[in-house]
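**Q** I have a structure I would like to understand better, so I am pasting it below and will then ask my questions one at a time.
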Amino acid sequence: MEVDCSNFFQQLPIPDKFNEKNDKICAFVNQHKEAGSKVVLITSGGTTVPLESRTVRYIDNFSQGTRGSASAENFLHHGYAVIFLYRNRSLEPFSRHFSRLNLLDILELADDSSATQPIIVRREYEGKMKTMLLKYKKVMKSGRLLSIDFTTLNEYLHLLRASVLSLRQIRQSAMVYLAAAVSDFYIPKDQMPEHKIQSADGPLHFSLQLVPKLLGPLVMEWAPDAYVISFKLETDKNLLIRKAQEALKKYRHQLVIANVLETRKQTVVIVTNENNKTISLTNEQLLDGVEIEEHIVPELLVRHQQMMAEKCNETNF
Ligand code: PMT
């Protein structure tokens, strides 16, 4: 069942700090338009769906933001400017390499408390820390990374639309890479209790409404010249390719990256109207720390470049 998107945004409250974030996005796109850079919008992490207006409880999902943050590093490596629209507290480019560690375990107090450097990085982390710090500082100095956070589905939807509308002006130099795991269900504001739901009232029954698929307006209206990549996640691998092909046919974007929940770090299938291409890592590569995004992103760059060249030829005729 499909839900109409046209009136949907009108009943979605404008989130806190929306204008501030939107201004940053517009300034970032303008800056890179002038520089003639390619800009990719990467969405990353899961969305929450609140059950109460003054939220105590919410529905969430599994996504950690590995795909989005690892892809961001690879796009930056290949010269793209990146708008990283990510779930607050999910993984972020560069810092993600230390996410499993307690910061206080990485640092050490110098033996001599009056030393010029009273806090030092423990020797075993020095190499990796230096590599990531250098990359991060270089990227930040170049002004090619803008990170914008969201938590709720509502925030995500508003910020997604604002980002894509802003990218519209750079036409085919824009890429949209929808790696976030977005809820398909929500509770409309007028059906949500204001206060904490009371357990004394007995078992909880509530009904979730469908969120319209935003891929439709995104491709047809918001940024019709952009190179748009959606993801298809399934737990049943027998459904995966068919569903990805159906999405392509329905939304008429360029490409779907299909993945199965349990194997998403080892195998994906790039599905286009022309063919399907499987990208897989061997067990050895996985153990060596190779990440599948290192292989996914270069594939996309070639295809984006091809589309840009084709559009350029079309305008010359
Ligand atoms: O973050 P990780 O832990 O690394 O995991 C990565 C990932 C599995 C989350 C990622 O690889 C992935 O598959 N992301 C998309 C998950 C998803 O939402 O799949 P879907 O089949 O439910 O949605 C398909 C597409 O529709 C998505 O690109 C989504 O952006 C889009 N969508 C979803 C909801 C909505 N209302 N409108 C949309 O347009």
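Only the coordinates and a few stated rules stand behind these numbers; no lab work does. These numbers were taken from a predicted model, which means no experiment stands behind them. All Cβ positions, glycine included, derive from the backbone under ideal geometry; neighbour counts span all protein chains shown.
**Q** What whole-number distance in Å separates the alpha-carbon centres of the stretch 177-222 and the stretch 89-155?
**A** About 34 Å separates the Cα centre of the stretch 177-222 from the one of the stretch 89-155.
**Q** A follow-up question, please. How much FRET efficiency would the formula 1/(1 + (r/R0)^6) give for Leu239 and Glu284, where r is the Cβ-Cβ distance and R0 is 35 Å, rounded to 0.05?
**A** 0.75
**Q** Quick check: net charge around Glu108, other residues with Cβ under 15 Å of its Cβ, Lys/Arg +1 and Asp/Glu -1?
**A** Working: positive: Arg122, Arg123; negative: Asp105, Asp111, Asp112, Glu124, Glu126.
Every neighbour counted, the sum reads -3.
**Q** So, with +1 on the Cβ of K and R and -1 on the Cβ of D and E, and no other charges, what is the size of the charge dipole of the stretch 188-317 about its Cα centre, to the nearest 20 debye?
**A** Details: 15 positive and 18 negative charges, 87 e Å.
Roughly 420 debye, rounded to the nearest 20.
**Q** Go ahead and collect, in residue order, the members of the stretch 30-55 whose backbone nitrogen is under 17 Å from a label point 7 Å along the Cα-Cβ direction of Arg171.
**A** 30, 32-39
**Q** Taking the inverse of the average 1/r across all pairs of different Cα atoms in the chain, what Kirkwood radius in Å do you get?
**A** Every distinct Cα pair counted, the radius reaches 21.4 Å.
**Q** By DSSP, what percent of the beta bridges with both residues in the stretch 193-310 are antiparallel, rounded to the nearest 5?
**A** 55 percent
**Q** When you count, for each residue, the other Cβ atoms within 10 Å and take the mean per peptide, how do 218-226, 170-178 rank with the highest first?
**A** Highest-to-lowest ranking by the protection proxy: 170-178, 218-226.
**Q** Now a separate question. With both partners inside the chain, how many of the DSSP beta bridges are antiparallel, as a percent to the nearest 5?
**A** DSSP beta bridges in the chain are roughly 35 percent antiparallel.
**Q** Please list, ordered by chain and number, the residues whose modelled amide H lies under 5 Å from the amide H of Thr152; skip anything fewer than 5 residues away on the same chain.
**A** Thr48
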